[in-house]
Amino acid sequence: MALAIATFLFITLLSTTKTLAFDSCPSNEQLSVIPIYGKCSPFNTPKPTSWENTVINMASKDPQRLSYLSSLVAQKPNSAPIASGQQVFSIGNYVVRAKIGTPGQLMFMVLDTSSDIAWVPCSGCTGCTSTVFTPNTSSTYGSTDCSVPECTQVKGQSCPAAGAPGACFFNQSYGGASSFYAMLSRDSLRLGTDVIPNYSFGCISAVSGSSIPPQGLLGLGRGSMSLLSQSMSLYSGVFSYCLPSFKSYYFSGSLKLGPLGQPKNIRTTPLLKNPHRPSLYYVNLTSISVGRVLVPIAPELLAFDPNTGAGTIIDSGTVITRFVEPIYNAIRDEFRNQVKGPFTSLGAFDTCFASTNEAVAPVIILHFTGMDLVLPMENSLIHSSASPLACLAMAAAPANVNSVLNVIANLQQQNLRILFDTANSRLGIARELCN
C-alpha cells in the first residue's frame, strides 16, 4: 500500500512538473525574454515545423537590420516619409512584457540594444495592429512640449522653432525601409515589479513599412533617451539578459535590471564609446580562432574607428553574426579547410556540410580585449531537419549595405548571460542555460 501511494505521488509530481514546464507562461511579475516564435509569444505565430527554417526566415531580414545599423553609423538623417498601410511583423526576435500608464496597459515590446527611445502604437494609429496603448485611460499620461530639453534629444523631432510651445512630434525610420510618426509623451513604465514614473516614450500615430514591431520597442542602448539613462537612479546603468535558443519553443529567457543579482564571477571586456553613435555597444574584437588556428585578419578590418563607425558591436536584433566580407571569408575558408567538403548553401548560410562530419568541426573562438568567447557548437552550427546537413551559422555583411560593422548577433549570444555595465564601461559574458 505504501509503495502504491509513493508511486502515485511520484507520477503526480512528474505530471505537475511537465504541466508547469510546458503549459504555463511566466507571470507578469517576471521580467522574461520571450522568443517571438515561442509558445508564450502574443503574436499568434504557429509552432515552427523546423527551427532551422525559422532561423533562415529571420536571418533573411538581417540585411534590413544591417542597413539600419549602418545608417546609424553613417549618421544619415534618421527619418522617412510616412504613408498608410497595414504593417506585418518582420523584425525583432525577442520581446519583454511591459505595462504603460495607470492602470498599466500590457504591451509586448521588442528588446533592442541598438535603439534608445521607447515607442508604442497609440489609439488612432494609422497602419498599426489592434493592440495599442490608450492614453485617455491613463491618469498619469502627459504629452511633452517642444520647450522641454528631452525634445531636442529625439532624432527627427519637428517643432515650429527652438523653444516654441507645442507638442513634440518626431519622425524616425527603423529596420531599413520602415518609418513611424510619433508624439513624445510621458507616463509610468512598469517592468516586472519596478515602476519608473514619467518615462519618456514615443506615442505612435502612423507607421509605414513591414519592420515596425506591432506592440512597440524598448530601447536598451546607451543614449540619453534609453531605459538605462532614464532609470539611472534605479538601475545604475546595469542590465543583463539571457536569450533562449530559438529551438526552445516552450521556454523564455530573462532580463535582469540593476546590479543586484548579476553574476559575480564573469569575464569582461571594455565597452568602447563612439561619440558619433553613442547608442551602440562597441567592443574590441582583436582576433578570431578556428580550432587551433588563429585566422589571418588584417588588423585594420577589426579596428575600432569612431570616425567611420567601424568596429564590432553586440546587438540583440541581428539574427546571425555578420562580419565584413574579408573577415568572414577568412573564417569560412579556414573552417572549410578543417572540415572538408563538399559544401552547399542553405538560405543565408554558404558553408553547409554532411552532419556526419560534425565531429571534426572546429570550435570558433572570438578574442576580445581581456576575454575569450569560445562559442558552443549550438551557437556555431545550425542543423537541417530536412536533410543530414550542418551549416556554419554566420555570414558576411550584405554586399549592398556597405557596412563597416562586425555584428555579434543573437544566435551567437543564446544560452549566455550577457552583462552590460555602462557605469564601469564593461561587457561581461558567462555561460548559462537560459531556457
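What the table below lists for this structure:
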| read-out | value |
| --- | --- |
| Segment residue 147-residue 292, extension gain: residue separation times 0.36 nm, minus the distance between their alpha carbons | 46.3 nm |
| Sites matching trypsin sites (Lys or Arg not before Pro) across the range 177-271 that sit in DSSP coil, with at most 12 neighbouring C-beta atoms within 10 Å | 264 |
| Cross-link table 39/99; 99/155; 99/273; 61/247, entries beyond 28 Å C-alpha to C-alpha | 99/273 |
| Separation in nanometres of the label points that stand 7 Å from Cα toward Cβ, at residue 425 and residue 273 | 0.6 nm |
| Low-density loop cleavage sites - GluC sites (Glu not before Pro) in the range 312-410, where at most 11 other Cβ are within 10 Å (DSSP) | none |
| P(r) tail fraction, the range 204-275 - alpha-carbon pairs more than 19 Å apart, % | 57 percent |
| Sites residue 300 and residue 134 - FRET efficiency at Förster radius 56 Å, r taken between beta-carbons, to 0.05 | 0.60 |
| Full-stretch length increase - residue 167, residue 333 - with 0.36 nm per residue and alpha-carbon distance subtracted | 54.2 nm |
| Sparse-neighbour loop sites [trypsin sites (Lys or Arg not before Pro); the range 333-435; at most 14 other C-beta within 10 Å; DSSP] | 340 |
| Histogram of C-alpha separations across the range 306-394, 10 Å bin width, % | 14, 48, 29, 8, 1 |
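FYI, it's all coordinate maths here, none of it is from the lab. These numbers were taken from a predicted model, which means no experiment stands behind them. Quick reminder, even Gly has a Cβ in these numbers, built from the backbone with ideal geometry, and neighbours come from all protein chains shown.
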